[in-house]
Amino acid sequence: MLDFTEYTKIFISLFAILDPIGIIPIIILFTAGMTAYRRARVGRLASLTVCAILLVALFIGQPLLAFFGISIHSFRVAGGILLMLMAIRMLNGVLYTPTSAKNDGTDGDSTSALAIVPLSTPLLAGPGSISAVIMEAHKASGIEHYLMMSLIIILLSVTVWLTFLIAPWVEQRLGKIGIDVFSRLMGLILAAIAVEFIASGVHGLFPALG
């Protein structure tokens, strides 16, 4: 088990990689037009999904990828392609189509899928955070180390949930015009992030490319 200072550093580094504050504009864009109930459900599901993905990465991440013959570099390329598709939709101003309120209680609808992809993964629990968790898991051994890492992941998931609670407050101050401007701007930024994902993944798969 590491000392408390090391676990503090791990929390800060993982928080920086997830960057829940930085994706608030994207959360606003992808939840635009939703009812308060749907938005709250997306936030809960996204935070729980992030927690589940990172816990899986902590305990069986490396063996799971090895079992399927998947490298973290391939995961980066796949995540980058997915983000690029979402970025194109944002640049075109097509993100979410409101549905009737009578479906608010229906499970497995498009809003649930949205909470998982792309908000939970690859935007939050993406290749970077998954690979970081896998690497941090190997820094020590013992049940105490994994319990501390699990606590860190749970705290990170709480910050994701709090981010969804803050997003409506930010949205009210942006207005429709501000959101539309952010849609195009964040679409461009998201496309750049996607390119970085793909480029780093391709570099890892083909190191000879330099």
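Test Ile154 against the stated conditions and say whether it is out of contact with any His (no Cβ under 6 Å at 6 or more places or on another chain), of a type in the set (A, V, I, L, M) and at pLDDT 85 or above. Break it down stepwise before answering.
Details: out of contact with any His (no Cβ under 6 Å at 6 or more places or on another chain): yes; of a type in the set (A, V, I, L, M): yes; at pLDDT 85 or above: yes.
Criteria met by Ile154.
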The condition from (1) modelled with pLDDT of 90 or more; (2) exposed (fewer than 14 other Cβ atoms within 10 Å of the Cβ); (3) under 22 Å from the mean Cα position of the chain (by Cα) that Phe206 misses is numbered (3)
So the check is Cβ under 9 Å with 6+ separation or different chains; which pairs have a first residue in segment 55-84 that's within 21 Å of Ala192 (Cβ to Cβ) and a second one that's not hydrophobic (A, V, I, L, M, F, W, C) and not in a helix (DSSP H, G or I)? Phe75/Gly126; Arg76/Gly126; Gly79/Gly126; Leu83/Gly126
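Residues checked against (1) in contact with a helix residue (DSSP H, G or I) (Cβ under 9 Å, 6 or more places away or on another chain); (2) part of a helix (DSSP H, G or I); (3) closer than 23 Å to Ile24 by Cα:
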{"residue": "Ala132", "(1), (2), (3)": "yes, yes, yes"}
{"residue": "Glu136", "(1), (2), (3)": "yes, yes, no"}
{"residue": "Lys139", "(1), (2), (3)": "yes, no, no"}
{"residue": "Met148", "(1), (2), (3)": "yes, yes, no"}
{"residue": "Ile152", "(1), (2), (3)": "yes, yes, yes"}
{"residue": "Thr163", "(1), (2), (3)": "yes, yes, yes"}
{"residue": "Pro168", "(1), (2), (3)": "yes, yes, yes"}
{"residue": "Leu174", "(1), (2), (3)": "yes, yes, yes"}
{"residue": "Asp180", "(1), (2), (3)": "no, yes, yes"}
Condition first: farther than 26 Å from Leu82 by Cα, modelled with pLDDT under 90 and surrounded by 12 or more Cβ atoms within 10 Å (Cβ to Cβ). Can you find one or more residues in segment 100-122 that meet it? yes
Looking at the structure I just gave you, is Arg76 crowded, with 17+ Cβ neighbours inside 10 Å, at pLDDT 85 or above and either at positive phi or not hydrophobic (A, V, I, L, M, F, W, C) (or both)? no
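The values are calculated or read from the model by the stated rules, or taken from the named source; none is laboratory data. The structure presented is a predicted model; accordingly, all values stated were derived computationally and were not measured. All Cβ positions, even for glycine, are placed from backbone atoms using ideal geometry, and neighbour counts span all protein chains on display.
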